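Quick notes on the structure that follows.
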Amino acid sequence: MSTAAGVGNVGSATGRRIAWAVLAVVMLFSILPVFWALRTSLSTNSGIILEPSNPLPVEATFFNYERVLGDPPIEEVQAAGGTGGEFSVLLAVRNSMIVATGITIGQVFFCAMAAYAFARLRFKGRELVFTLFLSALVVPPIFTMIPNFLFMRDLQLSLGFTSLDLSWLPGSDKAGWINTFPGLMAPFFLMTPFAIFFLRQFFLGISREVEEAAIIDGAGHMRRFFRIILPMSVPALVTLAIITYVNSWNEFLWPFVAGRDESVRVVTVALNDFKAQTPGTTRPDWTGLMTATFVAAVPILLLFGVLGRRVVDAIQFSGIK
Amino acid sequence: MTTAAAPVAGSDASAEKPKRGKSSVDNDGWKVAIWFLLPSLIGFLVFYLIPTIRAIRLSFQKVSILNPAAATSVGWENYTDIMEDADFWNSAWVTLQYVVINIGIQTVLALGLAVLMSRLTESLIVRATILLPWILPNILVGLLFLFIFDPTVGIVAQVFKFFGFDPIAFLASTTWVIPALALINVWKFTGYTALLFFAGLQTIPKMLYEAGSIDGATEWQMFRSITIPLLRPILALVMVVSLIGSFQVFDVVAAAGGGVQGSPGDPLGKSRVLYLYIYENAFLFQNKFGYAAALATILMIFLTVITLLQLRLLRADQSDLA
């Protein structure tokens, strides 16, 4: 009976029903915490104390969104249980978008170039260089973060003839590249071992026959790369771009160390700072925090909603690899 | 057509031939390859290789983050100090507890979930829903659960009250903070891990199960003698990756487990995992930058050894299957 559905078989109908119930519970648990943040963001701070287990918004209000997204009068904010020290979520979301977009563009493009070299070019020491690149996978980020921080801080980027003018960047008065967007992107911008490995595997799978015609036409590697390999790899590039974007959006350790200034502060760091400034002991501003948290999740949720199938496929693909 | 193509292919082949030859043509290869590799080579040198060498050098120095130029060489002192550092051993122990709870529960749940899904459905909605926690930033997840575990307004406390128990401040309790943090990451990673296993299960031929059920094997027997052995390579690989990630837990502890500001590693250092301790030494304590580098070096060596051991296990598994 179940073979018709293309999936395995489960003994009895009862067993099947129980299995579905378990799966439903798991799905419910996966959504619940996010739903709970949404519910709390629409409640008041006094409301959630009155009815802590009410699954619907208590004393339903949009004021939390007003104070997290806008700048209402301080008295109203304090009356709602806020500190007035709410950060601008939109600014942090903007910063995250800048950093994540920059990293994604750089990483996907430069790693595609490297992957092409490893998949298609013959040169001495190719396997050695590739293995060396891959070995970077085992290096814990905190290990390289310590010297990277010193490097970024002392970096006065000079190209020999002229010092690059970075004064237009927010926070560029800070030491070196600390508290600048380039500084936040730099460690992930040029390469990650995973991205190169991922694309190389894909390029190796592309039939060489397609390139033969171009080779006969005398196309050089540049043209083969841009005109044949890249267009044929769009699905893999998109998949990698999604993974890179999500990873960059979720990154905390590096921006926490290198980008604390509000002008460049990304969402993860801003949220953590917001929590830290809320006096945790007496009456935390839960509704403000949950509103900010939910707003910060929206871009990722949207991305997931639109590209969910690709993300799921990408995960499963990486599982078989 | 054929006559036209043949000489071209021939000339192409003859042009290819010397490439397999000696170094002169290999250098030719580099002339092209360098342009493709330049950005990633710079990235690798500047952000992986040189920092690795620099971190190891720092680990033999006494350095203040404010003035790294005034570093003094101290030989093995940082390492010998670490061996006698009670806070280090505490953080190692705390991290180990975290890893065992996290990986233990997560792997079992994910495996069960994957088997369940492979028998029931290939629905994208189901897979996307259980993947949702994974796609959210760790910090955000930490904050969600900070609220959920809150002893006064959190929902877990209400469930406790409903069943007549006293609510527990899980994240402020020296006993419960690590299990609670581990469970938070179980929530975050179970669906993801289950999808990896699910992908592995898809590669097991269905006829094996059909043959099994014809022979009258029970579900459990089939699970033990078909699913587990055939899934073992992926099982092992996923566990290596999860294990290494788990040892590096930081974000969730920062957000939900006492955090990195104010009094780090609360409550009473019981949530001060290794990453947090390294961070504190590097950026909060005075003159401990080199010490932090030494701690990070030890962690890196430890993780490398684990990886190599597991990879050897993996290889053994694959030959088993072949």
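The values are calculated or read from the model by the stated rules, or taken from the named source; none is laboratory data. It should be emphasised that the depicted structure is a prediction, and the values quoted were computed from it without experimental measurement. With ideal geometry, Cβ positions are generated from the backbone for all residues, glycine too; neighbour counts draw on all protein chains shown. The accessibility values were calculated without ligands, DNA or RNA, using every heavy atom of the protein model including side chains. Shrake-Rupley method; radii C 1.70, N 1.55, O 1.52, S 1.80 Å.
In table form, for the structure just shown:
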| item | result |
| --- | --- |
| Cβ pairs under 8 Å, 6+ apart, first in segment A:24-47 and more than 22 Å from B:Asn138 (Cβ to Cβ) and assigned by TED's automatic domain parsing to the domain that holds A:Phe62, second open to solvent by 10 Å² or more (accessible area, probe 1.4 Å) and hydroxyl-bearing (Ser, Thr, Tyr) | A:Leu42/A:Thr61; A:Ser43/A:Thr61; A:Thr44/A:Thr61 |
| Output for segment B:174-208, where each listed residue is more than 23 Å from B:Arg127 (Cα to Cα) and among the aromatic types (Phe, Trp, Tyr) | B:Trp176 |
| Number of positions in segment A:119-149 that are facing another protein chain (nearest Cβ under 7 Å), crowded, with 19+ Cβ neighbours inside 10 Å and free of Cβ contacts under 8 Å to residues at least 24 places away in the same chain | 6 |
| Test: residue in segment B:89-111 that is more than 30 Å from A:Gln107 (Cβ to Cβ), facing chain A (nearest Cβ under 9 Å) and in contact with a helix residue (DSSP H, G or I) (Cβ under 8 Å, 6 or more places away or on another chain) | yes |
| Any hit, segment B:64-77, residues being within 7 Å of another protein chain (Cβ to nearest Cβ) and in a loop (DSSP other than H, G, I, E, B) | no |
| Residue under evaluation B:Gln202, criteria (1) surrounded by fewer than 21 Cβ atoms within 10 Å (Cβ to Cβ); (2) within 11 Å of chain A (Cβ to nearest Cβ); (3) touching a Lys or Arg at 6+ places or on another chain (Cβ under 9 Å), criterion not met | (3) |
| Flag for B:Ser123 being assigned by TED's automatic domain parsing to the domain that holds B:Phe223 and open to solvent by less than 20 Å² (accessible area, probe 1.4 Å) | no |
| Check on A:Ala219, in the same structural domain as A:Ile105 (by TED's automatic domain parsing) and buried (at least 24 other Cβ atoms within 10 Å of the Cβ) | no |
| Complete set of residues in segment A:3-30 that are open to solvent by less than 50 Å² (accessible area, probe 1.4 Å) and modelled with pLDDT of 85 or more | A:Ala19, A:Leu23, A:Val26, A:Met27, A:Ser30 |
| Count of residues meeting criterion [open to solvent by 70 Å² or more (accessible area, probe 1.4 Å) and either closer than 13 Å to A:Phe109 by Cβ or of a type in the set (Asp, Glu) (or both)] in segment A:197-216 | 2 |
| Residues of segment B:216-250 that turn out to be open to solvent by less than 30 Å² (accessible area, probe 1.4 Å) and more than 30 Å from A:Ile142 (Cβ to Cβ), as a count | 4 |
| Looking only at segment A:31-63, and only at residues there that are away from every other protein chain (no Cβ under 11 Å) and assigned to a loop (DSSP other than H, G, I, E, B), the one that is most open to solvent (accessible area, probe 1.4 Å) | A:Phe62 |
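For (1) assigned to a helix (DSSP H, G or I); (2) surrounded by fewer than 23 Cβ atoms within 10 Å (Cβ to Cβ); (3) of a type outside the set (Lys, Arg); (4) more than 9 Å from chain A (Cβ to nearest Cβ), each residue gets a yes or a no:
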position: B:Ile130; (1), (2), (3), (4): yes, no, yes, no
position: B:Leu140; (1), (2), (3), (4): yes, no, yes, no
position: B:Phe145; (1), (2), (3), (4): yes, no, yes, no
position: B:Ala157; (1), (2), (3), (4): yes, yes, yes, no
position: B:Lys161; (1), (2), (3), (4): yes, yes, no, no
position: B:Phe165; (1), (2), (3), (4): no, yes, yes, yes
position: B:Ile168; (1), (2), (3), (4): no, yes, yes, yes
position: B:Val186; (1), (2), (3), (4): yes, yes, yes, yes
position: B:Gly191; (1), (2), (3), (4): yes, no, yes, no
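One line per residue, one yes/no per condition, for (1) of a type in the set (Asp, Glu); (2) within 23 Å of A:Leu128 (Cα to Cα); (3) in contact (Cβ under 8 Å) with a residue 24 or more places away in the chain:
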{"residue": "A:Met185", "(1), (2), (3)": "no, no, yes"}
{"residue": "A:Leu190", "(1), (2), (3)": "no, yes, yes"}
{"residue": "A:Ala195", "(1), (2), (3)": "no, yes, yes"}
{"residue": "A:Leu199", "(1), (2), (3)": "no, yes, yes"}
{"residue": "A:Gly205", "(1), (2), (3)": "no, yes, no"}
{"residue": "A:Val210", "(1), (2), (3)": "no, no, no"}
{"residue": "A:Ile215", "(1), (2), (3)": "no, no, no"}
